[in-house]
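A short write-up of the structure that comes next.
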Amino acid sequence: MAVKMLIGGEWVASATEATSPVVSPYNGTKLEDVPRGSRDDARRAIDAAREAFDRGPWPRLPPRARGEVFLKAAQLLSQRLPQLAELESRNQGKTIKQAADADLPFSVDNLIFYAGAGRTLDAKSPGEFTGEGTTIFRREPVGVVASITPWNYPFMMAVWKIGPALITGNTVVLKPASWTPLTSLELGRAFQDAGLPPGALNVVTGPGEEVGDELSRNPKVDLVSLTGDTATGRKIMEAASHTVKRVQLELGGKAPFVVFEDADLSAAVEGAVVAGFVNGGQDCTAATRLIVHRNVRERFVKHLLERVATIRMGDPLSRKTDLGPLVHPTHQKRVLEFVQKGSDEGAKLVAGSTQAPVSHPEGAFVTPTVFDGVAPDMTIAQKEVFGPVLDVLEFSTFDEAVEIANGVEYGLAGSVWTNDLRTAIRASNALRFGDVWVNDHLPLGSETPHGGFKQSGFGKDLGVDSLYDYTAIKNIYIDLTGQARKSWHYLTYGDPA
């Protein structure tokens, strides 16, 4: 029996009753049949969200009351966390330790943070700026928000999108990625059980070319928020432009990991392995370009390969597994094509293979891969591979390191490894990336804004800054003179008083 979508507070099938199978990337078995939503389903959800925003209670509740719903949802999700983590691991292929110990607990913490952060929003203080009246600034919800999430962090990205949108009083239509919809549906269930009014959150499953396109074009939607690749972001912007709706985008990345000559190489190698292979490399902030000073590159690569050789592939539900399958065989094929391209362009393959590992014939696995001798203009150094593939590049001077690091279309995240404070600050300032870490790579907190520069998008997830993306400032002017004719009316007709 197929699971259902959440529209207007009801769990429903697709209007066409069509379904799509969701399969395990580990062994190819079917996990569930989910509704294959259509444009009609997207419109039903949009209409429900529009009604909930225009006439429902959610936007009119005080921030404290909205926060209480968030805290209840967080409590319910905490109670269900073991089951949700297993579902996330089965559906996405990420390891159970990643899901249960990181992604889901962090997501619950995000909701707790938003519950309080929603009570802190304010606008400018009112004042008399014209001499004849008082101006009041109101920060209001944008309206109906379409949240489109990716398949690499299905649950966490859903929270990052709907959290700031809902807590500020908007209503939401959430479209999860077609490969990984299962935990997003459970997120909708938790909010419903926590008392969220009908229509305030709707979850529609289905293909992007139908559901996602309708959400981007429909005039009843006020804002589209996407986490995804840069190519999809361009499509969303084009579709949204027809109704001039607001867009918030967190897109692709090609994170530089710059290791200066004085860096602690043991820490840098450890950081490279963790940050490069996190979530199977399926992470927009993954440290995919290891830009290493020429005087330490050979030692760095030697120790890197020793650590990479210890990574354990296998069943993602086993806590002994470090690297599970990629999300889908289609994506596995894409990553392996990038690996072949790297070899064809002259990079030296020092770990991994251009073929899937024979030890896991049924799963969408890619062996941990390292290329040495990578030139900055090679395809694997420019394009987002989104798999367990690391590139080692070499530099000689500070300026060369910065030039290589900034020499991509992306600007999401990067890191600097050095024991010199001056170098750390200079490099952090020079890198054109939204997140820059020093002697670490990846840490984010619920309080820290996350978002990119350049073609990695605009707007922020996490932190109080994310709330501003989902609100609009209204200027209200109140005349204080009580006079029919104001001092400036002569500008239109008559003479000055």
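Within the stretch 135-167, the residues that satisfy the criterion of being among the hydroxyl-bearing types (Ser, Thr, Tyr) and either buried (at least 21 other Cβ atoms within 10 Å of the Cβ) or in a helix (DSSP H, G or I) (or both) are Ser147, Thr149, Tyr153. Apart from one condition, Ile476 fits all of (1) under 22 Å from Arg119 (Cα atoms); (2) surrounded by 20 or more Cβ atoms within 10 Å (Cβ to Cβ); the exception is (2).
The residues of the stretch 361-393 that are more than 14 Å from Lys254 (Cβ to Cβ) and either of a type in the set (S, T, N, Q) or surrounded by fewer than 18 Cβ atoms within 10 Å (Cβ to Cβ) (or both), listed by number, are Pro361, Glu362, Thr367, Thr369, Gly373, Ala375.
Rundown of residues vs (1) on the phi > 0 side of the Ramachandran plot; (2) among the hydrophobic types (A, V, I, L, M, F, W, C), yes/no style:
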| position | (1), (2) |
| --- | --- |
| Glu270 | no, no |
| Asn279 | yes, no |
| Cys284 | no, yes |
| Thr288 | no, no |
| His293 | no, no |
| Glu298 | no, no |
| Gly314 | yes, no |
| Thr321 | no, no |
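Within the stretch 297-352, the set of residues being crowded, with 19+ Cβ neighbours inside 10 Å and of a type in the set (Ser, Thr, Tyr) comprises just one member, Thr321.
Residue-by-condition table, conditions (1) farther than 30 Å from Ala364 by Cβ; (2) buried (at least 23 other Cβ atoms within 10 Å of the Cβ); (3) hydrophobic (A, V, I, L, M, F, W, C):
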position	(1), (2), (3)
Ala45	yes, yes, yes
Glu51	yes, no, no
Arg64	yes, no, no
Leu84	no, yes, yes
Asp101	no, no, no
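Checked against (1) within 17 Å of the chain's Cα centre (by Cα); (2) in contact (Cβ under 8 Å) with a residue 40 or more places away in the chain; (3) in a loop (DSSP other than H, G, I, E, B), Gly414 meets all criteria but (3). Among the residues making up the stretch 109-123, those that are crowded, with 22+ Cβ neighbours inside 10 Å and either of a type in the set (Lys, Arg) or in a helix (DSSP H, G or I) (or both) are Asn110, Leu111, Tyr114, Ala115, Ala117. Going residue by residue through the stretch 329-350, is there one that turns out to be at pLDDT 95 or above, touching a strand residue (DSSP E or B) at 6+ places or on another chain (Cβ under 6 Å) and among the charged types (D, E, K, R)? For the stretch 329-350, residues at pLDDT 95 or above, touching a strand residue (DSSP E or B) at 6+ places or on another chain (Cβ under 6 Å) and among the charged types (D, E, K, R): present. Restricted to the stretch 307-409, the set of strands (runs of 3 or more DSSP E) holding at least 3 residues that are touching a Ser or Thr at 6+ places or on another chain (Cβ under 8 Å) comprises 389-395.
The values are calculated or read from the model by the stated rules, or taken from the named source; none is laboratory data. Treat the numbers as computed from the prediction; the structure is a model and nothing was measured. Heads up, the Cβs are rebuilt from the backbone with ideal geometry, glycines too, and the neighbour counts pull from every protein chain shown.
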